Each structure stands twice: as C-alpha cells, then as structure tokens.
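Every number here is computed from the coordinates shown, using simple stated rules; none is lab data. Just so we're clear, the structure is a prediction, and the values are computed from it rather than from any experiment. Cβ placement follows ideal geometry from the backbone for every residue including glycine, while neighbour counts extend to all protein chains displayed.
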Amino acid sequence: MKYWLNRVLKQKLAPAILTGYIKLLHKTCTINITGTENLQVFIVDQQPMLPCYWHQQMTFSIDFLLGLRDQGVKTSVLVSPSKDGDIGDAVLTNLGVGVIRGSEHRTGALAMRDIYQAISKDKCSVGTAVDGPLGPDREAKVGVVTLAQLSGAPLIPIANACSRKIHLKSWDSFFLPLPYSRVEIVVGEPIVVAKRVSPEQISVCQQQLTDELNGLSEQAERLVSSFSIYE
C-alpha cells in the first residue's frame, strides 16, 4: 500500500502540481527578456540551437524554451535518467516540451547520440542544464561543447533571476520562483565550436561558456535589483 501511494505521488500528483505551478508563474510573473536579437537568425533559418543554462535557474529557462516553441522552434530538454528525472520528464511532457533522457554520468554516450540525432535529423533545439545533474555548480561540463562541435549547433547561453524566490537546500542552491515576481532573462551571444578543434580549444570553449553564464547571471541579478529599487 505504501509503495502504491508513493508511486501515485511521484508519477501522478507531483508532476500535476509542478505543471500547474509553472503555468501559474507564467501567468503572474512579469517577465522581461534581454538579448533576443542573438536568436533571430537561427529562428528565421530554423537552425537548431543548444540553449545552455545553470541547473539552479531551470524553472524560467524552461519557460524561455516554451517561448521558443511558440515561435515555431522545435524544442527538447535533456533530463537525467534518475527517479527525480522521471518527475521532470512528466512535467515537461505536460507542458509540451520534448524530452531526451540521459546525463554525462549515466548513459552519457547514448544521450549524446540521441541529442545528435534530434539536432541533425529532427532540427530540434535541445536545452541543457550544463552543470547538472550533480554539479559542481556553475561549471559547464565538456559534453555540451563536444556536442556543439559534432552537430554544428551554436551554444546559446541563457541566465535568469527573479525578485521573489525560495532557495532549496540542494547542491546548486536551486531557487523556486514565487508568483508575482519580476523575472529577468538574459540571452548571450552564440558560441560556435568549429568542427576541427584541439582538446585545448575545447577546454577554452568550455571555460568561455562558464564565464558567459556567470556573467549573464550577474547581469540578470542587477536588472532585477534595479527594478526592485523603483517599484
């Protein structure tokens, strides 16, 4: 009986609650996006992208991907194959976002293959929390850079901050936005990884992505703070 109740909670109730909460946030929060001009050429040409964000900022990064979907961009998200990932899978499916299961730690090669096929064959833009699923936080992993090299899809750094939130006790201090928040989303310039690059150049691109995401995160926090002063 206890097992059945836990299964119902995890498979049915939790995804339904989280889906409803994300929709509530979208309706009640004031969302401002800076840097959308960095995406327009890829949207118009229907060229796949690799939106990259920190795991801590996942909630409104997913909301941003939903906005891309509404502009005709086919989107998917890389989700951990863990049990917690099952909930994320269900929530994203409820929201109409495609899901690819895998991580760099578990099923890494299979996930890489699936993402590559989604990009090359399905022309799908795949969003990735590039420091997930277990960190270290705010350090981009090499997998997404290698994927950009193989697929030709540009890395699109995305960061966000919100005025009202709760920080959870997790490895990344994940923040849960609260309704009626002001949200600032900042999109950075694309990072293109050439096909023929050395391991040293891959490391340089990896550090560039890390620095860009941290810089955009600081910019988003400043924007939120500046509006809070005058509101």
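Just a few scattered comments:
- Using every pair of distinct Cα positions in the chain, the Kirkwood expression returns a hydrodynamic radius of 18.0 angstrom.
- The chain, dipole about Cα centre (Lys/Arg Cβ +1, Asp/Glu Cβ -1), debye to the nearest 20: 980 debye
- Neighbour-count ranking [beta-carbon atoms within 10 angstrom, fewest first] of ILE156, ILE22: ILE22, ILE156
- Max mean-square fluctuation residue, GNM over the chain, Cα-Cα springs under 10 Å, options LEU216, LEU110, LEU92: LEU110
- Over 24 Å between alpha carbons, listed pairs LYS27/LYS74; LYS23/LYS165; LYS23/LYS141; LYS12/LYS123; LYS141/LYS195; LYS12/LYS121: LYS23/LYS141; LYS12/LYS123; LYS12/LYS121
- Cα lying deepest toward the dipole's positive end in the chain, options ILE100, VAL142, GLN206, charges on Cβ: ILE100
- Region 6-78 - convex hull of the alpha-carbon atoms, volume per residue in Å³: 118 Å³
- Of all the options TYR116, TYR21, TYR53, the one that moves most in a Gaussian network model of the chain with Cα springs shorter than 10 angstrom is TYR21.
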